[in-house]
Amino acid sequence: MSPSLQSHDVNRRSHDSLDDAEKGLFDNTLETTAPPPFVYMNQKRASPLDTQLSPASPVHEGITPLSSVPELLLSWPAGKLATDVTTLETTVKKPERQKPRISRWITFDLWFNTYRKFFTFVTLLNLTGIILAALGRFAYAENHMGALVLGNLLCAILMRNELWMRFLYIIAIHGLRGWAPLRVRLAATSVLQHVGGIHSGCALSGAGWLIFKIVDIIRYRAIQHPAVIASGIVTNVFIIISVLSAFPWVRNTYHNVFEKHHRFVGWLGLATTWIFVVMGNIYDIKRGEWRTDTHALISLQELWFAVFMTIFVLIPWVTLRAVPIEVELPSPKVAVLRFERGMQQGLLGRISRTSIMEYHAFGIISEGRKASHHYMICGVQGDFTRDLVANPPKVVWTRELKFAGVGHASAMFKRGIRICTGTGIGAALSTCIQNPNWFLIWIGSDQERTFGPTITGLIRKHIDPERMILWDSKKRGGRPDTMELLKDTWTRFEAEVIFITSNMQGNDEMMQGCRAAGLHAFGTLWDF
């Protein structure tokens with residue numbers, strides 16, 4: 001029940017939440033700046049893919065972009081002349097050039113994003129309700145405090161439920177893409193990406209109301225049954241442990257601790273919540289006896305909140321299956337897992353060697369729903385991914401109900417740019433394969449040797465050279481100045497939006513640069 005996602009490295013991020021599958025960390029390896037730009041407009045095929053993985057995100061590794069210029073392989077929108085090309089020497093960043101200064105307003109605006117706005121609104125609203133209840137000015141809370149507890153917890157569960165989120169994406173995509181102004185579509189995408197703020201705000205608020213409720217019960221313990229008090233205390237302990245275990249420092253530093261406590265203690269908390277709700281409502285404190293009126297119990301709001309909480313917790317686990325896979329090991333640093341059946345673009349999946357423990361999320365690469373296979377790129381990071389390379393499994397456990405990443409919202413836009421570094425290609429590639437109106441920029445080093453023929457073959461087969469830039473920083477002698485690259489591609493490709501999948505520093509640099517340049521961009525989301 002945390003803000004959105006190990007016992008390995010402190011820089012390593014959890015994959016258990018919806019947003020965690022699109023992460024990456026910073027590789028401190030420094031390369032030289034690139035030589036003067038070379039522009040090829042009509043070559044038949046892009047240069048070979050090459051990349052080298054670095055210790056980075058569990059899902060997306062990469063190199064923070066610095067400077068140089070790519071080969072421009074852009075498709076020209078109708079009415080544009082391909083001959084209208086200017087030299088791009090300005091995109092070469094001089095070695096002594098300093099990073100552009102970003103205004104404090106832009107920095108604050110990116111920090112106080114929709115996620116934090118949701119979290120702040122939800123927690124302040126509930127805090128106001130708790131204060132009013134304590135002052136005796138919130139009659140509903142006095143009579144239905146259990147409903148406020150369970151309502152918040154139900155909302156928190158919904159914002160992390162695969163089925164519910166897929167439903168919201170369907171509504172937004174099919175309801176907006178044909179007619180809505182760009183501003184509305186951008187706002188909808190921001191809401192979909194940052195619903196984790198509602199999740200964490202409601203989870204924390206639910207725990208707050210639960211504490212308030214048990215304190216109120218203990219205050220009047222003389223007229224309350226000991227069993228109700230005991231069940232309330234136990235429920236509080238379980239829920240609070242589940243919430244605290246999901247705090248960013250615990251989740252990101254000790255992932256296995258987070259997973260065990262957040263999941264299993266959370267399940268125990270759900271079970272004791274049932275007991276607490278039922279016992280608290282069938283015990284008549286006025287008469288000092290247990291009621292046997294079944295109709296009164298069934299009509300309770302609290303009971304139905306508990307019912308739906310249980311249903312939405314169980315739904316993803318009902319789809320759990322052990323599925324056969326094939327593992328390709330193109331290099332010691334990456335495993336490419338091949339699964340049966342095709343998938344929509346923008347989806348992410350969780351896999352594990354066991355049925356209930358240590359689930360890790362990865363982007364899904366697929367040619368489409370009717371394809372025979374889909375793939376996951378697993379870069380070596382910790383024990384789990386290292387073992388995939390050392391001891392490739394023939395079967396893994398996965399939930400067949402996949403969850404949607406922000407890339408799934410790309411279907412709302414007419415034209416866009418998907419920029420990624422390293423293993424970020426795992427979350428970005430499907431969008432550019434399945435939608436010819438999306439432009440791919442992939443930055444890394446030695447990609448073809450590291451990722452192998454399957455991934456590079458998919459790129460060559462489905463993406464025309466005119467709508468991709470494959471930047472090998474090893475062969476090109478440096479990294480591109482990504483902001484000059486993005487601004488030029490934005491103009492020439494007539495894009496509406498940019499989706500970024502990079503490491504933390506690269507993501508911050510690009511998001512700040514895009515905001516300063518007036519480019520609409522959505523970056524990698526880390527939980528807060």
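The values are calculated or read from the model by the stated rules, or taken from the named source; none is laboratory data. All figures in this text were calculated on a predicted structure; none of them were measured in a lab. When we count neighbours, we look across all protein chains shown, and the Cβ atoms used for this are built from the backbone with ideal geometry, even at glycine. For accessibility, only protein heavy atoms count, side chains too; no ligands or nucleic acids. Shrake-Rupley method; radii C 1.70, N 1.55, O 1.52, S 1.80 Å.
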Query raised in the report: What are the residues in region 355-374 that are modelled with pLDDT under 90 and open to solvent by 40 Å² or more (accessible area, probe 1.4 Å), if any?
Result: S355, I356, M357, E358
Query raised in the report: From the set of residues in region 308-367 that are among the hydroxyl-bearing types (S, T, Y) and outside any strand (DSSP E or B), which is nearest to the chain's Cα centre (by Cα)?
Result: Y359
Query - Test: G196 is buried (at least 21 other Cβ atoms within 10 Å of the Cβ) and closer than 21 Å to G232 by Cα - result: no
Report summary line: The condition from (1) within 23 Å of S366 (Cα to Cα); (2) of a type outside the set (D, E); (3) open to solvent by 30 Å² or more (accessible area, probe 1.4 Å); (4) more than 25 Å from the chain's Cα centre (by Cα) that P465 misses is numbered (3)
Query raised in the report: Of all residues in region 391-406, which are under 19 Å from the mean Cα position of the chain (by Cα), among the β-branched types (V, I, T) and open to solvent by 10 Å² or more (accessible area, probe 1.4 Å)?
Result: V406
Requested in this report: Test I419 against the criterion of being open to solvent by less than 10 Å² (accessible area, probe 1.4 Å), more than 16 Å from G346 (Cβ to Cβ), modelled with pLDDT of 95 or more and assigned by the TED database to the domain that holds A495, and give yes or no.
Outcome: no
Query raised in the report: For region 108-169, which helices (runs of 4 or more DSSP H) that fit wholly inside it have 3 or more residues that are open to solvent by 70 Å² or more (accessible area, probe 1.4 Å) and either of a type in the set (A, V, I, L, M, F, W, C) or outside the structural domain of F212 (by the TED database) (or both)?
Result: 114-134
Requested in this report: Tell me, yes or no, whether region 317-337 has at least one residue that is open to solvent by less than 20 Å² (accessible area, probe 1.4 Å) and more than 27 Å from S430 (Cα to Cα).
Outcome: no
Query raised in the report: Mind checking which residues of region 409-430 are over 15 Å from H462 (Cβ atoms) and of a type in the set (V, I, T)?
Result: I417, I419, T421, T423
Requested in this report: Check whether at least one residue in region 277-293 is open to solvent by 10 Å² or more (accessible area, probe 1.4 Å), out of contact with any helix residue (DSSP H, G or I) (no Cβ under 8 Å at 6 or more places or on another chain), assigned to a strand (DSSP E or B) and among the hydrophobic types (A, V, I, L, M, F, W, C), and report yes or no.
Outcome: no
**Report entry** Test: L388 is crowded, with 21+ Cβ neighbours inside 10 Å and either among the acidic types (D, E) or touching a Cys at 6+ places or on another chain (Cβ under 6 Å) (or both)
**Finding:** yes
Query raised in the report: Which of the residues spanning region 227-262 are more than 26 Å from I282 (Cα to Cα), modelled with pLDDT of 85 or more and open to solvent by less than 20 Å² (accessible area, probe 1.4 Å)?
Result: S242, V243, S245
Query raised in the report: Does A187 meet the test of being assigned by the TED database to the domain that holds H144, modelled with pLDDT under 95 and open to solvent by 40 Å² or more (accessible area, probe 1.4 Å)?
Result: no
Requested in this report: Would you check if N161 is modelled with pLDDT under 90 and of a type outside the set (G, A, S)?
Outcome: no
Report task. State whether one or more residues within region 497-518 are closer than 28 Å to V327 by Cα, touching a strand residue (DSSP E or B) at 6+ places or on another chain (Cβ under 9 Å) and open to solvent by 50 Å² or more (accessible area, probe 1.4 Å). Result -> no
Query raised in the report: Any residue in region 205-223 that is assigned to a loop (DSSP other than H, G, I, E, B) and farther than 24 Å from F276 by Cβ?
Result: no
Query - Where a residue in region 98-125 is among the hydroxyl-bearing types (S, T, Y) and its partner, wherever it lies, is open to solvent by 70 Å² or more (accessible area, probe 1.4 Å), with Cβ under 7 Å and at least six apart - result: T123/L204
Query raised in the report: Could you say whether any residue in region 440-451 is modelled with pLDDT of 95 or more and either assigned to a helix (DSSP H, G or I) or within 18 Å of L347 (Cα to Cα) (or both)?
Result: yes
